[in-house]
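Working notes for the structure below.
Laboratory data are not the source of any read-out in this text; all were calculated from the coordinates shown. Treat the numbers as computed from the prediction; the structure is a model and nothing was measured. For neighbour counting, all protein chains shown are included, and Cβ atoms are generated from backbone atoms with ideal geometry for every residue, glycine included.
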C-alpha cells in the first residue's frame, strides 16, 4: 500500500496542494497538483543509460490534454485524443522553457516530463499549474536538477496586480503575464497586454516574483521530507588535454576573424575553413580523437571572442553598436490575389505576411478543457528550410513555429477591431523567407503591414524587436535587434512587441541568474526606442489601413432580425438559406441573437440578398403599399403574397372599384398587383385592399370602406382568413409545417 503525503502553499488567494506517494510510483518523480477542482498529474523520469554518440541534452516535455478532465467526450470519428492541440503545445513549451536551463551542463541522459490533466473546473487556469507540477515532480525525483522553480500568472485589474486570477477575472485584465523563477531570479516571462507601459510591466514582474516564493519554499520542504536522492550520472565533458591542445593550435586566429570580418557569410566561410583545417590536423595526428569535441572547443573559443568584443570593445559581430537596428525595408501589396500582403525586412531577416478575410462561419472553433471558444483572428507562422539555406523534410509546423505564431498573434490581437466594427474572420500567415534572428518579431511587423494593406481597421500599428544581453560579472551590454549569433551566445532572449502607446506582447528567456530590476528597466526602455524606430519605417509603406477592401475580399453586410424569425431565413432543412446562397452567390451566417452576416465578392448581389432577407423577416405594416402576386383564388377573394413567405386576403369587395361577381373577372393566378395592408390581427391574419390603391385612399378611408355593410364582418370566410404562414407552427392549407413567424 502506498502512503500519500500532501503539502500546501498559497499563491495570491489560491491554496495549491501538491501530493505524492499514491499515483505513478514507478516514475522518477510523480505528484498531483491541485487548485479548486483542477488537478494534474506530473511525472519526471530519466533514462538509466545514455545513447551512444549523443551530443545534446534529450529533454522532452509533454502536456497531455484529456477531455475526460472536463467531463466530456472528444469530438470526431475516433472519440479519443489525437495529436496535441495548439494550446497543449503552447503549455508544453511554457513548461519546458524555465526547466531546461537548470539541468547540468553536459547531461546526456534522456529526461521525459509528462503532465496529464485529470480534472478541470473551468474556473482556474491549467497552464501555470502545469509548470508548477513539473517543477514539483522534478524536485523530488532522482533527476539531477538545480530547481525548484515556481510559476505564477499576474493580472492587472482596475489598477491592481492580481496573482493567479481566475478565468473569469482575466476577462477584465489588461495584462496576462505568465512567469517562472527560482528563489533568487526570474527565468522565463511570457505576456500579452493591452498596451501597458514599461513601468507597469516591471512592477508586475516584481509582484509576480514575490508571489511565487511561498510555493518555492514549500517545494524545498517537500524535497527534504519525501525527495529521492539525486542519481549520479556521467556528464559529457571535453578532455582537458585536448581542449588545451586545440586552443593552442587556434592561437589568435579566431579573434582576428571576429575583429576583421563583419559580413556574416564571409565570417562563416572563414570559420568553416579554420574548423575544417584544425579538425583534419587532429584527425591526422590521432584517428581516435573525438572530433566532435574538437569542433565544440572551436565553437567555445569563437563564442568567448565575440562576447569579449561586445563587452569590452562595444562592437557587435556585424560592426554595430548596442542600440543600432539593422537596415529596414517595408513593402505592401506584393501579391495580386490575396486580400492583403506585407513584406518586412530587417538585415538578412525577411518575412512575407499574407492576410485573408472570411465569414464568421470560418472562425476557428476550439474545443478545450477550460472553455469552448471561437477564434476569429488567427496567425500562423511557417519557417521553411530554405530560409536558412538548409534542407529538411517538411512535416507540418513544429513546436517552435506554433509558438512563434502564437506570440505574433498575442502581439496583434489587442489591435484587431471587434466583430461589431469589422465582422470578418481574419487569418494572417507569415512566411519566413530569410532568417538571421528574430523572425517572430519580423512576422509581427509584416503582419501589421498586411492587415493595413487588407483594409482591416486595426487600432494602431504594431512592431516588434528582439533584445539580447551579454553579461560577465557586473559588466553587461543590452543589445537591440539581435541577430542569430547574438541570440545563440547571449544570456537573455528578450522579445518585445507593441504600439506607440505601449506593450502588447513580451517573451523572455534568461539563461543566467542575477537579472536586476535596473537591467530590466534599461532593456524595456531600449526596446521601446527600437520599436518606435521600426514603426517609423513601417509607416513609410502605409500610414493607415486602406479605406477599401481588396476587390477579391468578400463584402460583408450585417442586418439584425427578430430572433423568432431566424427559422424563416433557414427554411425547412436549410432549404431557404441554401437557395439564397446559390441565387446571390453569397455566404450567410446567422447568430443566435438575430444578427445575420451576408458575405459575397459581388457587393451588389450581397445587397440583393440582404433585401430578400429583410423582406422575408419584415412584419406587415398597416397603411403600407406592397407589390404582390396572386397565389390563390377563392369564391370570396384572392390571396396575395406581398412579402416573401407572407400573404394576405383581398376580399372580393376590395379588388376593384367596380362590383365583381367573380374574382376571376379581375384577377388571375400569377397576376402582379399593388395592395395596401389595412389590418393585421393579433393571430397574424393580414387584410389587404387593392381598391384602396386604385382609388388613392388613406388607411382610415380604406378601413372605413372595408367595413361590413351588415352586422357581421366580411372576413371572407374560409379557413385561411389571410393568415399566411403563422407563428404558431401550425399546418396551413398548403400542407407542410411552418417553423417560425410568417414563413414558408
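What span do the alpha-carbon atoms of the chain cover on each of the three principal axes, reported in whole Å from largest to smallest?
Sorted largest first, the three principal extents are 122, 67, 50 Å.
For segment 106-257, what Kirkwood radius comes out of the mean inverse Cα-Cα distance, in Å?
Every distinct Cα pair counted, the radius reaches 18.5 Å.
Given R₀ = 30 Å, FRET efficiency for residue 5-residue 51 by Cβ-Cβ distance, to 0.05?
Given R0 = 30 Å and the Cβ-Cβ separation, E is 0.30.
Please give the helix 399-412 orientation as an angle from the longest Cα principal axis of the chain, in degrees from 0 to 90, rounded to the nearest 10.
Taking the Cα atoms of the chain, the angle to 399-412 is about 60 degrees.
Grab the DSSP H runs of the chain that are 4 residues or longer, score each as -39,500 (n - 2.57), total them, divide by all residues and round the 222 nm result to the nearest 500 deg cm²/dmol.
It lands at -9500 deg cm²/dmol.
If you take the square roots of the eigenvalues of the alpha-carbon gyration tensor of segment 482-614 and sort them as a ≥ b ≥ c, do you get rounded (a/c under 1.5), prolate (a/b over b/c) or oblate?
It is prolate, given that a/c is not under 1.5 and a/b is the larger ratio.
Taking only Cα atoms, what is the 0 to 90° angle, nearest 10, from helix 603-617's long axis to the longest principal axis of the chain?
That works out to roughly 60 degrees.
Please give, to one decimal in nm, the separation of the simple spin-label points placed at residue 668 and residue 273, each 7 Å out from Cα toward the Cβ.
9.8
Rank the residues 284, 243, 409, 52 as a footprinting-exposure proxy: fewest other Cβ atoms within 10 Å of their Cβ go first.
Fewest-to-most ranking of 284, 243, 409, 52: 52, 284, 243, 409.
Would segment 240-313 count as rounded, prolate or oblate if I go by the C-alpha gyration tensor, calling it rounded below 1.5 in a/c and otherwise prolate when a/b exceeds b/c, oblate otherwise?
Prolate, because a/c is 1.5 or more and a/b exceeds b/c.
Evaluate the distance, in nm, between pseudo-label points positioned 7 Å from the Cα of residue 400 and of residue 337 along their respective Cα→Cβ axes.
Label at residue 400, label at residue 337, 3.2 nm between them.
What is the distance in Å between the Cα centroid of segment 235-301 and that of segment 24-101?
39
Find the centroid of the Cα atoms in segment 140-187 and in segment 515-583, then give the distance between the two in whole Å.
Value for the Cα centre distance between the two parts: 30 Å.
Work out how much length residue 459 to residue 81 would gain on full extension: take 0.36 nm times their residue separation and subtract the Cα-Cα distance, in nm to one decimal.
132.2 nm
Would you mind giving the three semi-axes, in whole Å and largest first, of the ellipsoid equivalent to segment 355-452 according to its Cα gyration tensor?
Rounded to whole Å, the semi-axes are 26, 16, 11.
What does the C-alpha gyration tensor say about the overall shape of segment 13-140? Classify as rounded when a/c is under 1.5, otherwise prolate if a/b is larger than b/c, or oblate.
Cα axes put segment 13-140 in the prolate bin.
Mind ordering 272-278, 388-394 by average Cβ neighbours within 10 Å, highest first?
272-278, 388-394
With r as the distance between the Cβ atoms of residue 475 and residue 386 and R0 = 35 Å, compute the FRET efficiency 1/(1 + (r/R0)^6) and round to 0.05.
0.35
For segment 138-194, just run the numbers: alpha carbon Rg, then divide by 2.2 N^0.38 Å, N being how many residues it has.
Compared with the compact-globule rule of thumb, segment 138-194 sits at 1.38.
Compute the Rg/Rh shape ratio of segment 328-541: radius of gyration over Kirkwood radius, all on alpha-carbon atoms.
Checking Rg against Rh, the ratio lands at 0.98.
Computed on alpha carbon atoms, what radius of gyration and Dmax characterise segment 5-226, expressed in Å?
17.4, 56
Relative to the first principal axis of the alpha-carbon coordinates of the chain, what is the inclination of helix 264-285, with its axis defined by its Cα atoms, in degrees from 0 to 90 and to the nearest 10?
40
Say R0 is 41 Å: what FRET efficiency, to the nearest 0.05, do residue 237 and residue 552 get from their beta-carbon distance?
Once the sixth-power term is evaluated, E becomes 0.10.
Modelled label-to-label distance, residue 512 and residue 374, 7 Å Cα→beta-carbon offset: nm?
5.1
Please give the peptides 590-596, 94-100 ranked by average Cβ packing (other Cβ atoms within 10 Å per residue), highest first, as a rough proxy for protection.
Result, highest mean Cβ count within 10 Å first: 94-100, 590-596.
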